[in-house]
Structures are given as C-alpha cells and as structure tokens.
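For reference, the structure is listed below as structure tokens.
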Amino acid sequence: MEGGAAEQTGGPALELVGLVKRFGRRTAVDGVDLVVPVGSVTGLVGPNGAGKTTTLSMATGLLRPDGGTARLLGRDVWADPVGAKRLVGVLPDGLRLLDRLSGRELVRTTGLLHGLRRDVADARADELVGVLGLADQGEELVVDYSAGMTKKVALACALVHAPRLLVLDEPFEAVDPLSAAAIRELLARFVAGGGTVVLSSHVMELVERLCDRVAVVAGGRVLAAGTLEEVRGGGTLEERFVELAGGASGLGEGLAWLRSS
Amino acid sequence: MVAVLLRLRLALWRGALRRDAWRVVVLVLGGLWGLGAAGAVLVGLAALAGAPVEVARAVVVGGGALLVVGWTVVPVVAFGTDPSLDPARFATLSVPPRTLATGLLLGALVGVPGALTILVGVGTALAWLRGPAAPALALLAALGGALGVLTAVALGRLVTSAAAGALSGRRARDATAVGGVLALALAGPALASAGELVPALDLRVAARVVDVLAWTPLALGWAAPADAAAGAWGTALARLLLAAAALVALVLAWAAVLARRLEQPRDASAGRSARRRGGSARLPDGVRWAVAGRCLRYWWRDPRYVVAAATSLVLPVVLGGLAALGSLPAASSWALGPLAGLVLGAALHNDVALDGPAFWTHLAAGVPGVDDRAGRSAALLLWAVPVVVATTLLGAALAAGSGLLAPAPLGRVAGALGAALGLLLAGTAVSAVLSAVRPYPAQAAGESPFSQPSGAALPGALAQGLTLLATVLLALPAVVLGVLAAPWPWLGPAALAAGAGLGALELRAGVRRGGALLDRRGPELLAAVRRDR
C-alpha cells in the first residue's frame, strides 16, 4: 500500500485493490492491495500457500477474482481483458505448456496468438531461442525438455509480443546458475528499456539481488510493501520475512534419532 | 515386506475410492458384471464335469492359455492404466528385487480383475469333479489353476517391465499406445471372421493344438488334471512340477529385469526432433490460423488426437469390410460416409479439456473466442472433409461394385455426400459450443490413451450423447434429403446443398456462439480443467 508515490509518472504498471479469492470455504487471497510503479522490479515473497500464485493469476486475467480490481497500466484487467493482456507477458507456475510443439514452434505460435505478423513472430522466436541458449534444442518437442529448459522457453513465450509488464511466477525455479544469469541479464535489459517486472520467489537472496521493491505476502494478505530498503529496515530480507511471516522452526528436541553419532 | 506391499496396494485403492464417489459406482457395477461373468464361467465349468475328458481338457487348456495371454498382452498395451505399483516408484527404497517382485506379483492380484481371475482359475476344479478319485482330482486342478493364475500375472509383469525398458522413449510409448488402441478396435472384427473359419477347422487339428499348448508354460498347470483324469497321474505330477518351475523362473527373470529398472528408473532417452513442420507453413496469416496450425500439429503428434482420429474411422472401416465380405447388405455401405461425418464431427466436443491447463496460453494471449473456435474447427475440417468425401465415394463404389446398382447413380452419390458433410459440419458446430460450456475430465497429455480419468465416465457419456443427438437434429434436412435421394436421385443435389450450405451456416453460428461463451467464461474453463487434474 505504501508503495510508490515518488516515481509514478503515468498510471502504475500494476495496481491491485482489495483482491479477494475464495476456494470453497478457504480464502486464498484476502484483500490484497499492491502498487507496482513503472520501471521497477518488484519481488513478491511469501511462504508456500501464501496466495502469491493466486494473486498473480488474478492480476493477469487467468483467474476471476471474487472481489477487488486489477489494473495494468491503467486498464482494468477484468473489464478490458484483451486490451490489458496485450500489455503483459505471463510466466505462470505449474501450468503446462502446449508441449507437443517444438520450442521454436511454441514461441512462434504464442507470438501469432498475440496477433503478431508471421515474419515478425518468426524472427523474434529465433532471436529469443538463441538468447536463452535453446538454439540447439529448438526443434525438440517441449514435452521432452528438462524443467529448466521448460522455464526458459516459457519465459521466451512471455516476451515474444514485447509486453510492457512481465509477470513471472517462480521464474528461477529449477534453472541452473548459468541460465539464471542469462535470465537476469535479459530482465535487466527489459527494465532498462522501460519495462516493468513483477516476480514471485521464495529465494530471499535472489529477490534482494534482483528487485528494487518487495512485497511480503502471507495468509493471503500483503504484510509489508515498498522499496527493498523500506521493507528490510536495516536487517536482511530473510530476517524481516521470518519476523513478518512468523516462522519459528518448531523443531525443539525432536528428531534426536537423526543424529549420526 | 510382501504384506506391506499388499497393504499399500489396498490403501492406494481405498484412497482412490475416497477421492471420487463415481469410482465406487464404477467399481460396484464392474464388480457385479464381472461376478456375473465369472459365475457363468463357473456354471459352464461345472457342466463340463459331465462331458468326456477330452472335451473338458480342450476347453480348460484352451481357456487357460487365453487367460494367460490376456494378462500378458493387456497390461503392455494398456500402458499406465495402473501406475500405482509402478516398480520405478520403489527405486529409492532398499527393497531386494526378489521380495519386490513377489510383493508386486501378489499385489497385482488385489483388485476386481485379480479376484475374478483367481475365482475362475481355482474354479476349474469344478470341471474335474468326476469319477471315484474326484476329491484328489479337484485338489490337483485347484493347484494347477492357482499355478496358472500366478503364471499369467508373472508373465504379464515380466513382459510389461521388459517392454517398459525397451519403450522408455516417449515416441515409442506414443506408438505403442496408438497401435494398441487400433489392435483392440480391430480385434472384434478379426475374431468374428476367425469365428466363421472355425467350423471349417478339423477337430483333430484343434486337439493337436491343445496337445502342444499343454506342454508350454501357458497351460502346464491347466492341463495337469486332465492327465490324472485319464489315469496318468505321473504325467500330471510332472506337469505340475514343471508349471511350478516355470513360475519360479518367470519370477526370477522378472526380478532381474526389475533390478535393472531400479538402477535406471528415469526414462533416459528422449525424442529427437520435430523436423516435420506439420504443413502449416502454408496457412494464411491471422490468429485463427495460428490456432489452426497449432491444432494440426496436435492431430499429428499427440497420441490422444491420433487415437481419436483413428478410432473414429474404425466403425466405417469395419462396416465397409463386412459389407465387402457380404455379411451386410451392400446397400449399407451408402451409410459409411455419413457415419464417418457423424463420428468425426464430435471429435472436438471436449477439446478444451484435452488442452488441459495448457489452455492458459490462449487465455493469457487474449485470443478472441471466435478465433479460438474457428481455428480448432478449421484444423479438424482441413483433414476431415477429404476423409469424409473419400469414405463416401468408397462406400458408393462398394455399393455399386456389388452389382446392385452399377454404376452408382450420381444423384445418389450427391445425396450421400450431402448427408455426410451435413453431419460433419453440424457436429463441428455443436462441438464448438459444447466444448466451451463445461469440459469434463479427459486424459492428461502424455498419459496412456487407455487410462480413463476418474469421474469421466458418466459426464462423458452424457456429453457425447448430447453432441450426437444435437448433430443429428441439426443435420436432419441433409440426412432426410440424402435418404430420399435413393429412390429419387434428382433430390441428390438438394441434399448436397443442404449439407454443405446449411452446415456451413450452422458452423458459423456455432463458432460465434462458442466464441462468445469462451470470451465470457475463459477463466472459468481454465479453472475447471485445472480442478479436473
């Protein structure tokens, strides 16, 4: 909520107001408010089951909220879905890809689905596949890719229509360090060119290194949000996170039998 | 350890039942049906007790060998129907392969098919309740039956494990799945024509076949009581011992294969490349053609689509074959084309569910619903229209070639063509709407096309029935005109116009209607297919 008064010029890249989602009796997202200014890299951190994926799904038009609004660069995602979706590239977590296509075909097809011209989609697919180090496997079917390669090709799909906002759910999961470096560089270039990135992760070091803004999510609510410095307030992000999300280990004297000696 | 594995199997079963109430219904109905069938077999076996030894021997040995073959072939083809006791899942545990083999062997018998097989196998004793030595004979038969059942399962597991090693690549698995479905679909007609040949077979040849079978592991156990009943107790015991030895050898061989699989549980090999470009390079520009290009590749590459396409042609092929052989009146081959149109028209009625969670790609890209529907329909029609036309012409040639109507009157051909195209287009239109209403669970990509996802049986039957009914209603003008073109060939062109013209209009309406639904309910559809996983 306290996010971004200073550097806002136009509308914020992403603005969530009072988002609510219930699954049966369980409330997964319980009134999330969040403002992501243009040009920032914002990290969404939270424990498993905090509601990060649900929130990002509602922000990108994949899951209809039970309440609240989501705006992308001033456009209401749920009132003008097509207009909003043109502006955003999505990398969801745990959803299959159209994996009977080859990597290159998948990126190209995604571009075409976004309405790109054929020659543009072809050229961009070739370039993205090359930059992400998939050129040698470009003709293999995605179903045969490793987890890391799948992530990379999904990222290429999120980028192919030149969105202004990238929403990435766990983009670094199962990605090896070399590829992670390539992805970081790509994201840095994207932001330098005026883009905005929202990503979720539970790797604190990564968020500290990559993001200039952070939102801590737990129990379906935003517990803290703002610039990295504001949120961590002198300590490390991990300390602040554990403090906010309340994570005593609960280990006590148990598991004594695990000791080797 | 064996007990632990058996309990695990029961627990998995209970868990599956608790998750899904429909499974209980299916289980109870299937169990009742199976019990009825087994009961009939047992009655037959008991009746055999009054038949000559030779007849009882031929029936028990032949049936027993078939049972063993069945347990061997079905699991290989039906790859992945029951992965709950997949050996690869035990790779991280320190279970000795032989213990694991024994446990999995007995575990395979837990369940409805296993229980029924045991019932029938041991029940063969009923056929040998004859003469003064009846108790001893029955005991021998029960023992032989038990050995036969265990051999069946062990052989099945051995072949499955060996095949799993050989077929570890995805492409090989795809090919087996498709081949298996086709083999099963064609098995019925093949058996029927074989049945027509049987009376011609010399009975002595059959007896010779049984004699040979009786010395193979397929039937050693089943044949033992027949020897004893004929007085050759020594031969009977020898067969039993051999059967037991064969069983031990099978289990050991299986344990060896298992040990190798446990060391290399992952599918190491992957498919190579997708050079085949699927021909969509020549499709026009535009979002709907991008969808069509994607779907065309799926029709070619995804075994679920390949199986759907192939099985939808099985019925016309079988009917055509029967008509060509003279088992059906030649005039019935006029129905081949319309039949193909009807079945292919329903091919897309659950298409969003086949996408599964990957449907998010369309949703996130903001693909307009109309383009989504139009692209999917176009991909189907691009190959289905030529196929339906060819089937119709083939049917006409069959009908004419039999001399009934040579040469086929053009008007009547046009009539059949009209009905076929009308049904295909109307079915595609209905599917375009229905698949956007509520997907029902479909097999996930990469699963065996045999595996029926839980909870799909009833909604699936309802949706298919509804699709076919609506299709026939919408295509009624073309079908009626097509039928009337038989006596009045001048009605043929009218049928063709009704089929192609009205069908095209219906398709356009269906695409618009379905597209509007998709635009409105896209996120709900995605949520539904995700829930069904």
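The values are calculated or read from the model by the stated rules, or taken from the named source; none is laboratory data. Just so it is clear, the model here is predicted, and its values are computed rather than measured. A quick note on method: Cβ atoms are made from the backbone with ideal geometry, for glycine too, and the neighbour counts reach across all protein chains shown. These area figures cover heavy atoms from the full protein model, side chains too; ligands, DNA and RNA do not enter into them. Shrake-Rupley method; radii C 1.70, N 1.55, O 1.52, S 1.80 Å.
Within 30 Å of A:ALA121 (Cα to Cα), open to solvent by 60 Å² or more (accessible area, probe 1.4 Å) and at pLDDT below 90 - does that describe any residue in the stretch B:257-273? Taking every residue of the stretch B:257-273 in turn, at least one turns out to be within 30 Å of A:ALA121 (Cα to Cα), open to solvent by 60 Å² or more (accessible area, probe 1.4 Å) and at pLDDT below 90. Would you check if A:ARG64 is within 11 Å of chain B (Cβ to nearest Cβ) and buried (at least 18 other Cβ atoms within 10 Å of the Cβ)? Criteria not met by A:ARG64. When the criteria are applied in full, B:GLY36 meets the requirement of being at pLDDT 85 or above and assigned to a helix (DSSP H, G or I).
Restricting to the stretch A:93-116, name every residue that is in contact with a Ser or Thr (Cβ under 8 Å, 6 or more places away or on another chain) and more than 7 Å from every other protein chain (Cβ to nearest Cβ). A:ASP93, A:GLY94, listed by residue number.
Does the stretch A:42-55 contain at least one residue that is in contact with a Gly (Cβ under 6 Å, 6 or more places away or on another chain), at the interface with another protein chain (Cβ under 10 Å from one of its Cβ atoms) and either open to solvent by less than 10 Å² (accessible area, probe 1.4 Å) or not charged (D, E, K, R) (or both)? No, the conditions are met nowhere in the stretch A:42-55. Only helices (runs of 4 or more DSSP H) whose full extent lies in the stretch A:166-242 are considered here, and the ones with at least 3 residues that are under 18 Å from A:MET149 (Cα atoms) are A:177-192. Remark: pairs (first residue in the stretch B:414-436, in contact (Cβ under 8 Å) with a residue 12 or more places away in the chain; second residue open to solvent by 10 Å² or more (accessible area, probe 1.4 Å) and of a type in the set (D, E, K, R); Cβ separation under 6 Å; 6+ apart in sequence or on different chains) = B:ALA426/B:GLU506; B:ALA429/B:GLU506; B:VAL433/B:ARG513.
When you look at A:VAL88, is it of a type in the set (Val, Ile, Thr), buried (at least 20 other Cβ atoms within 10 Å of the Cβ), within 17 Å of A:LEU159 (Cα to Cα) and at pLDDT 85 or above, yes or no? Write out each step before concluding.
On the way: of a type in the set (Val, Ile, Thr): yes; buried (at least 20 other Cβ atoms within 10 Å of the Cβ): yes; within 17 Å of A:LEU159 (Cα to Cα): yes; at pLDDT 85 or above: yes.
When the stated conditions are applied, A:VAL88 passes them.
Screening A:GLU185 with (1) touching a strand residue (DSSP E or B) at 6+ places or on another chain (Cβ under 9 Å); (2) surrounded by fewer than 19 Cβ atoms within 10 Å (Cβ to Cβ); (3) within 20 Å of A:VAL131 (Cα to Cα) gives one miss only, at (1).
Scanning the stretch B:354-375 for residues that are within 25 Å of the chain's Cα centre (by Cα), more than 7 Å from chain A (Cβ to nearest Cβ) and of a type outside the set (A, V, I, L, M) returns a single hit, B:ASP355. Could you check the stretch B:218-252 and list, in sequence order, the residues that are buried (at least 21 other Cβ atoms within 10 Å of the Cβ) and not aliphatic (A, V, I, L, M)? Matches in the stretch B:218-252: B:GLY221, B:TRP222, B:PRO225, B:ASP227, B:ARG239. Contact map, the stretch A:33-58: residues that are farther than 23 Å from B:LEU363 by Cα paired with residues that are of a type in the set (Val, Ile, Thr) and open to solvent by 10 Å² or more (accessible area, probe 1.4 Å), Cβ distance under 6 Å, separation 6+ or inter-chain. Pairs shown: A:ASP33/A:VAL17; A:LEU34/A:VAL222; A:VAL41/A:VAL191. Considering only residues in the stretch B:119-136 that are farther than 17 Å from B:VAL59 by Cα and open to solvent by less than 70 Å² (accessible area, probe 1.4 Å), the one that is modelled with the highest pLDDT turns out to be B:ALA136. Say whether the condition of being buried (at least 21 other Cβ atoms within 10 Å of the Cβ) and touching a Phe, Trp or Tyr at 6+ places or on another chain (Cβ under 8 Å) is met by at least one residue in the stretch A:216-225. Yes. On the stretch given as the stretch A:150-164, residues that are more than 11 Å from chain B (Cβ to nearest Cβ) and surrounded by 22 or more Cβ atoms within 10 Å (Cβ to Cβ) total 6. Give the residues of the stretch B:321-346 that are out of contact with any Asp or Glu (no Cβ under 9 Å at 6 or more places or on another chain), surrounded by fewer than 21 Cβ atoms within 10 Å (Cβ to Cβ) and small (Gly, Ala, Ser), sorted by residue number. If the condition is that a residue be out of contact with any Asp or Glu (no Cβ under 9 Å at 6 or more places or on another chain), surrounded by fewer than 21 Cβ atoms within 10 Å (Cβ to Cβ) and small (Gly, Ala, Ser), then B:GLY321, B:ALA324, B:GLY326, B:ALA330, B:ALA331, B:SER332 are the ones that fit. Could you please let me know if B:ALA498 is open to solvent by less than 30 Å² (accessible area, probe 1.4 Å), in a helix (DSSP H, G or I), among the aliphatic types (A, V, I, L, M) and out of contact with any strand residue (DSSP E or B) (no Cβ under 6 Å at 6 or more places or on another chain)? Judged against the criteria, B:ALA498 is a match. Condition (residue is among the β-branched types (Val, Ile, Thr) and farther than 18 Å from A:LEU168 by Cβ) applied to the stretch A:51-74: is it met by at least one residue? The answer is yes; a qualifying residue exists. So which residues in the stretch A:117-149 are surrounded by 19 or more Cβ atoms within 10 Å (Cβ to Cβ) and more than 10 Å from chain B (Cβ to nearest Cβ), if there are any at all? A:ARG124, A:ALA125, A:LEU128, A:VAL129, A:LEU132, A:LEU134, A:MET149, listed by residue number.
Quick one: which residue in A:GLY194, A:GLY103 is touching a residue at least 40 places away in the same chain (Cβ under 8 Å), more than 25 Å from A:GLU238 (Cβ to Cβ) and open to solvent by 10 Å² or more (accessible area, probe 1.4 Å)? Show your work before the answer.
Numbers: A:GLY103 fails: open to solvent by 10 Å² or more (accessible area, probe 1.4 Å).
After applying the criteria, what remains is A:GLY194.
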